[in-house]
Each structure stands twice: as C-alpha cells, then as structure tokens.
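Q: Take this structure first; my questions come after.
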Amino acid sequence: MKLRFGLQARFLVVMAAMLGVVLLVLLLLLQRQEQMRHEAETLTREGVHDLVETYLRDRAQAMARQLAENLANPMYYRDLDAIGRILADNLHDSLMAYIHVYDLDDRLVHDGSDAIAGYGQPMADALVAGPGGVAIRTSPTLLEASAPISVGGEEIGAVRLGLDLQVAARYQADSLAHLRQRMDQLGSRYLRWLVLPLALLLLACVLAAWYVQRTMVRPIRALADSARRIEGGDYTVEHLHSARADEVGDLVRAFGRMGESVARHDREVRRMAYTDALTGLTNRLAFRENLDHRLMLMRGSDRQLALLFADIDDFKRVNDTLGHEAGDEALLQFAARIQGAVDRYGGDDALLARFGGDEFVVLIQEGDVRQAATRLAEVLVAELRLPLDIQDRQVFLGTSIGITLFPEDASSASALMKNGDIAMYQAKVAGKNDFRFYSRAMDHAVERRVHMEQELRGAWECGELSLAYQPVCRASDGRVVGAEALLRWQHPMLGMISPSVFIDVAEQSGLIDGIGLRVLQSACAEAMRWSKIGPGGERLFFSVNVSPRQLRKGDLPDIVAECLRESGLPASCLHLELTETAVISDELQAATMLARLHATGVKVWLDGFGTGFAGLSHLRRVP
C-alpha cells in the first residue's frame, strides 16, 4: 500500500525542518557559549594564579619591610614582649605561616609564640637579604621573605616570614568556584533567553499547524470524503457551504453546487432508468430489482406474495389500424385504470409496473394474497373491457391476466415471471379477457406447445397436414360457385387438431411461411384437377387464406404468379382472403402488394371486415 504524503504531512515536515534548523543554530550557539565559557575559565584561572602570585610576592615584601621597620626599636632593646606582640598581631593573618626574628648570628630571637621554644637556635636555612633589600624564595607550600632590621643604618638582625601557599590556593580555588558559579548563572540566564524564542517558535508552529489543519486540510479532507461518497453512489452527502471569502471557500461552494448537480442528474438518470417513459410507471428493470429485494426479505418467513401478469388483448390491432399515437393513448388509459384499481384493492405495498409493450405486472403482499389477487383481477377484467375513447371513437379491448404465488409456485423472481407469463397465456387460450392462476399443469401445456411446434415442422412431409374444401354457394339459387381451401392436421396420436390451435403456433414460430406456400401450391393444383364447371360455363374459383406474415414479406405476388404458372390455373379462379389487420397494419405496403396481385388477375377478399377498427375510408386507400 502506497503511503500518502498529504498537505498536512508536508506542512508538518516543513515546520519540523524549520524547527530543526533553529534548534541546530541554538545548539551551535550553546556549544560556542560553552567553548567561550571554558576558554574564559582557563584564562581567568591563569590570570588569577598570576595575580595571586604577584600579590603574594608584593605582600610578602611589604610585610617583611613593615615588620623590619616595626621591630627595629624592640629588637634594639631586646624587648621580647614588644616583639611578641608585633609578631602575634601579624600571625592572625590566615596566610601567615610563620614569622621568625633573628639576630646577627642568625639565631632565633622570637617566633611569635609565648614559649619561644626555639629561642637561640640557629637558622636552619639561611635566607639572607641583600643590603637594604628583601629576599624572596618560593617552595611548593610556602612563599618566604626576609628583610634586615636596622637601627641608624646598622643592621641588628633580620625578620623572616612565610606565607602559606596552600591557603592561598584555597582562596584562589574558592574565588574560581565563585566565578564559575556566577558564569553558570549567567549561562543559565542566557540559555533561558535562547530557549524562550525556541518555545515561542514551537508554539507558533503548533498554532500554524492547527490553523492550516482547520482552514485548509480539514475542508479539503471533507471535500475528498464527499467526493469518495459521491463516487460510490452515495448522493446523500450533506450540502457543503462555507462563509469564507477566500479560494478555499470558493472551492467548497463550487463543490457543493457540483454535488447537488450530480445528485440531481443521478436522480434524473435513475428516474429515466427505472421509470417507464410513456406511462410514468415503474419499468421492467426497477420492477425486477424490487421483486428480488422483496423475495430476499420474505425468504424464511411465512409471508406470501402474488404476482399478476396482465397483457392487453388484441392491442396490436390498435397500432395497426389507428396508429402508434392511438396505441400510446390506449396504453395511458389502460395504465390509469390499472393504477386506480391497484390503489383501491392492492394494498399499501402493492407495486404496478409496465413490463414492456402491452404487458403490466402487479405485486401484492398484504393479507390473504390469493383472495386479494382474485379480487383485483376481477376488477381489472371488468374495468378494462369497458370502451376506450380514442381519436373520437370507442375502442373495445380487454386483458388476460396470469397470477402466480410465492412461495407456493416458485421461489425466484425469474420463475415467478415465467409462471405469470404461462398463466396469462392460458387465459388468452381460454378465450381472452379473463384471468388464470398458475398451476403445474400449465407447464405441461407449454411443453405440449413446444412439442407441437416441433411436430408441425414435418407434418406436411408426413402427410398429416391436408386441405379440406368448403363449398361456396350462391345465395340466389344455392348453386356451388367455388370452394374455400381449409387446412387440417390429422395427428397420428392426438387425432384432429383444431386450426385455431396449430395456426397460432405456426404464426408465432414462422412456420406459416412454408406451410402457406404449400397450401397455395396444393390448392392451385387441386383446382386444375376439378372438372366441374360452374353455372353459365364458368369455372369454379378457389379461395385460399393468406396470413399477415405472408403479406408483410413482400414476395406474395411472385409466389402467386409462380403457383399459377406451375399449375396452369387461370388467375380469375384464384381468390385470396386477407384479414382486416393484415391490410390495415401497413397500408402503403398492402396497397403495393394488392396492386401487384390485381395485375395478375387474382381477386382479393377481405375477411372479417368491421371486427376491428377499420373504416370505409381504409377501403378507399387500398385497391
């Protein structure tokens, strides 16, 4: 995982670097201060030592001269008491180690003590001063000075004193210690003055970091978090606003407006993705997601759910005859009626959706769902069979409804939809404008339909499909003037299968193209074998039904011409029957095809005119 190096981290690094530089400078200053302190201490020690040494020499000389002068009279009169008092006064000095007074024979006269234990003893080591001068000698422990005692210019003795260098060294050490203490105090004071700016700088850095965090990093992090939530599809991010007048405030406000715009566009996209554009109802995608969610919540419980799959009966006729605008209007009126019925009888949790085309689905999950579904289906069938007012005319339609239950019939959404579709188809097979509950037996019916389609593919080759001819009689005299070719299927296992059953299968599977061609070829050939002549010497005509699919392909005139050529049947003996829907669904193509058929001499009949929505105006627009 790659570590992020954000703004706050960079700012802290910069501040830490600045603090490090300042701290380094302070350390260098402290180090230099310590060096200077050490140098000053060394120089001071040397200076004090030299100063003390000079001071001691000068003092020893001065004291020796002073004592020699003060002892002149007492020494002259040999007044030992006076000599002792003078020596005792000077021995009180802590630096003074001894004071000896000698005569001219270098014998001790007085040592400052009361007993003068060494009186008369010769001097152990002579320290003779020069004439009128002072002799100085230094040892590791003593600084000794000797001066002659003179009266009237005549030397009568000498005084010798010794200063204790160890005591002087202690004084020197004490002075240096005191000096070091003062320097330490000065250094501490200096250090405090150095630490104070550092502390203030550190505080300033902390405050700056807090300010940057609050005014820059926190808003940017909030924007980043909001962007990640929006990226993840969460558009419930609270509205971002800022009263700041700087660039960050502009950024926050711009991002807030962008978030609102994205959320608005997302709502619009979701509305378009999950709402049917025509009716405003829930569409197939939203319905499927809602169904999956409901089933997930209901699994493991004892709750039930009913799914109603409704399909408008013969809705294609509206589009084919009145146009797609009329079809849309019919869908809107149907949706409004279904919505009203669902609101009244479906319950609070009911969901209505347009599944596609002319199909609607309803979910019910409150109370006894079987009873509620039955009641709603009855109301829908009753209300949807009422006429619709479309383009200043009344249009009669209906609906076929299939009902399936969860968990009785299926436990998955796809299985429920399949079962509802199967039940709806069975309602159509039963006569339309009705409803059916799904049962396991319906699966067998679907399987039989698939099996029928498979068997229908080879039925003509096996001789199972054949033509039966129904006579057409003239109403005035009852004589036969022609015949209508009717297709029959004699199944080896099921017996005679009704055309209303297998023709629908052939239409939906596309097999009607091949079967229609064979019917036309067989009818033309059979007509040529008939020798019966109609009244007035006219040949009997043969009528053949043509499916809308055959007419839409566009090659029907060529097929008819080929069949007439192969059989030799006169075109006037062939009549083609077309349904109203086949002609009205595409008037332009139908007019073209009918014109070409008329050119071959074939007559065209319109079967079931008036059962749909065609008017006399349509007949004027086609040949």
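The values are calculated or read from the model by the stated rules, or taken from the named source; none is laboratory data. Since the model is a prediction, treat every value here as computed from it, not as a measurement. Don't worry about glycine lacking a Cβ; one is built from the backbone with ideal geometry, like all the others, and counts go over all protein chains shown.
Q: Among the candidates Leu179, Leu202, Leu163, single out the residue that is crowded, with 16+ Cβ neighbours inside 10 Å, modelled with pLDDT of 75 or more and not hydroxyl-bearing (Ser, Thr, Tyr).
A: None of the other options fit; the residue is Leu163.
Q: Go over the candidates Ile220, Ile230 one by one and state the one that is part of a helix (DSSP H, G or I) and either over 15 Å from Arg10 (Cα atoms) or at pLDDT below 70 (or both).
A: On inspection, the qualifying residue turns out to be Ile230.
Q: So for segment 462-474 (the condition being without any contact (Cβ under 8 Å) to a residue 12 or more places away in the chain, part of a helix (DSSP H, G or I) and not basic (Lys, Arg)), does at least one residue qualify?
A: Checked segment 462-474: no residue is without any contact (Cβ under 8 Å) to a residue 12 or more places away in the chain, part of a helix (DSSP H, G or I) and not basic (Lys, Arg).
Q: With modelled with pLDDT under 75, surrounded by fewer than 16 Cβ atoms within 10 Å (Cβ to Cβ) and of a type in the set (A, V, I, L, M) as the only criterion, which of Ala245, Ala273 stands out?
A: Answer to the check: Ala245.
Q: Determine which member of the set Tyr102, Tyr76, Tyr98 is aromatic (Phe, Trp, Tyr), closer than 30 Å to Ala173 by Cβ and assigned by TED's automatic domain parsing to the domain that holds Asp164.
A: Numbers: Tyr102 fails: closer than 30 Å to Ala173 by Cβ; Tyr76 fails: closer than 30 Å to Ala173 by Cβ.
It is Tyr98.
Q: Condition first: assigned to a loop (DSSP other than H, G, I, E, B) and over 27 Å from Leu520 (Cβ atoms). Now tell me which residues in segment 439-461 satisfy that. It would help to see each step written out before you state the result.
A: Going residue by residue through segment 439-461, those that are assigned to a loop (DSSP other than H, G, I, E, B) are 439, 457-461.
Matches in segment 439-461: Ser439 only.
Q: Which residues, taken from segment 35-46, are farther than 15 Å from Gln185 by Cβ and among the charged types (D, E, K, R)?
A: Matches in segment 35-46: Glu39, Arg45, Glu46.
Q: Inspect all residues belonging to segment 27-39 and state whether any of them is surrounded by 10 or more Cβ atoms within 10 Å (Cβ to Cβ) and over 30 Å from Asp174 (Cα atoms). Walk me through it before giving the result.
A: Of all residues in segment 27-39, those surrounded by 10 or more Cβ atoms within 10 Å (Cβ to Cβ) come to 27-39.
Now drop any that are not over 30 Å from Asp174 (Cα atoms), which leaves 27-28.
Yes: segment 27-39 contains one or more residues that are surrounded by 10 or more Cβ atoms within 10 Å (Cβ to Cβ) and over 30 Å from Asp174 (Cα atoms).
Q: Any residue in segment 419-444 that is more than 23 Å from Glu383 (Cβ to Cβ) sitting within a Cβ distance under 6 Å of a residue that is of a type in the set (A, V, I, L, M) and not in a helix (DSSP H, G or I)? List the pairs, counting only those 6 or more apart or interchain.
A: Asn419/Ala410
Q: Of the residues in segment 164-186, how many are touching a residue at least 40 places away in the same chain (Cβ under 8 Å) and either within 60 Å of the chain's Cα centre (by Cα) or under 30 Å from Ala97 (Cα atoms) (or both)?
A: The initial filter retains those residues of segment 164-186 that are touching a residue at least 40 places away in the same chain (Cβ under 8 Å), namely 164-165, 167-168, 171-172, 175-176, 179-180, 183.
Narrowing the set further to residues that are either within 60 Å of the chain's Cα centre (by Cα) or under 30 Å from Ala97 (Cα atoms) (or both) leaves 164-165, 167-168, 171-172, 175-176, 179-180.
Residues meeting the conditions: 10.
Q: Do any helices (runs of 4 or more DSSP H) entirely within segment 312-419 hold 1 or more residues that are among the aromatic types (Phe, Trp, Tyr), and if so, which? Break it down stepwise before answering.
A: Working: elements: 315-322, 324-345, 369-384.
Hits in segment 312-419: 315-322, 324-345.
Q: Search segment 127-143 for residues that are over 16 Å from Ile99 (Cβ atoms) and pair each with any residue that is at pLDDT below 60 when their beta-carbon atoms are under 9 Å apart and the residues are at least 6 apart or on different chains.
A: Close Cβ pairs (under 9 Å, with a partner that is at pLDDT below 60) do not exist here.
Q: Tell me the residue from Ser572, Ser500, Ser522 that is at negative phi, exposed (fewer than 15 other Cβ atoms within 10 Å of the Cβ), modelled with pLDDT of 80 or more and assigned to a helix (DSSP H, G or I), please. Steps first, please.
A: Numbers: Ser500 fails: modelled with pLDDT of 80 or more; Ser522 fails: exposed (fewer than 15 other Cβ atoms within 10 Å of the Cβ).
None of the others qualify; the one that does is Ser572.
Q: Would you say Leu12 is part of a helix (DSSP H, G or I) and loosely packed, with under 15 Cβ neighbours inside 10 Å?
A: Answer is no for this residue.
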